[in-house]
Amino acid sequence: NAGVTQTPKFRVLKTGQSMTLLCAQDMNHEYMYWYRQDPGMGLRLIHYSVGEGTTAKGEVPDGYNVSRLKKQNFLLGLESAAPSQTSVYFCASSNELAPAGEQFFGPGTRLTVL
Amino acid sequence: GIQVEQSPPDLILQEGANSTLRCNFSDSVNNLQWFHQNPWGQLINLFYIPSGTKQNGRLSATTVATERYSLLYISSSQTTDSGVYFCAVPQKWGAQKLVFGQGTRLTINP
């Protein structure tokens, strides 16, 4: 039981490049989330999903897109990376929609945009 | 939205010492989580504790929901306990997210 996994672990992009971050969970959780962590800002919600085929905007969605084609996977896309998107990205999953559900986090992806 | 404050911001201890970390929140909650972010950046779930007391080895946590605070106790600290400890509570309205405190950075010296 791997829990929540993320790929890649590290990535360096140039401004304007695109990339996709993959999150996978093997706990059969319905709900999945993408957060970013920045110094002094804590963790902020980018997008979330309440089930296969659904997505919704969080606190800081601009510049990102997401897809949930399969229940176990939640993809975060950057279409045209900007230096402001340099951050550590965490994926999380839960078996109940917040506020009741306990969220479990992946190991994070450290992204640098030059 | 709900505010979460943690104290102290930094704590430096010798191996073997005990510590208490505090989390205050500004509104009633039905969910509270404690996490440990280790030096490699991983967020490890410690406790899911909306109320009452839970224990896991050398760690225990107590949440007093009516008084809007939670405490994390670490006994007989080890160097591997170093890192940042976060508490998080759910935002009541709007986007479904956890609101994190700013964390307590714990350093355990050998």
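What follows draws every value from the coordinates through simple rules; no lab data is involved. Not measured: the values here are computed from a predicted model. FYI the Cβ positions are ideal-geometry reconstructions off the backbone, even for glycines, and counts take in every protein chain you see.
Listing A:TYR64, A:TYR35, B:TYR48, A:TYR89 from fewest to most neighbouring C-beta atoms within 10 Å gives B:TYR48, A:TYR64, A:TYR89, A:TYR35. A convex hull fitted around the alpha carbon atoms of the stretch B:4-109 yields 88 Å³ per residue. Could you compute how fast chain A diffuses translationally, taking Rh as the Kirkwood radius over C-alpha pairs and applying Stokes-Einstein at 4 °C with viscosity 1.567 mPa s? Give it in µm² per second. Translational diffusion coefficient: 93 µm²/s.
Using the average count of surrounding beta-carbon atoms within 10 Å as a protection proxy, the listed peptides A:17-26, B:68-77, B:51-60 rank, highest first, as B:68-77, A:17-26, B:51-60.
In summary, the protein assembly as shown shows an alpha-carbon radius of gyration equal to 1.02 times the 2.2 N^0.38 Å reference for compact globular proteins.
Considering only Cα atoms, the convex hull volume of the stretch A:58-114 works out to 96 Å³ per residue.
Within the listed set A:ASN73, A:ASN28, A:ASN65, the Gaussian network model of chain A (springs between alpha-carbon atoms below 10 Å) gives the highest mean-square fluctuation for A:ASN28.
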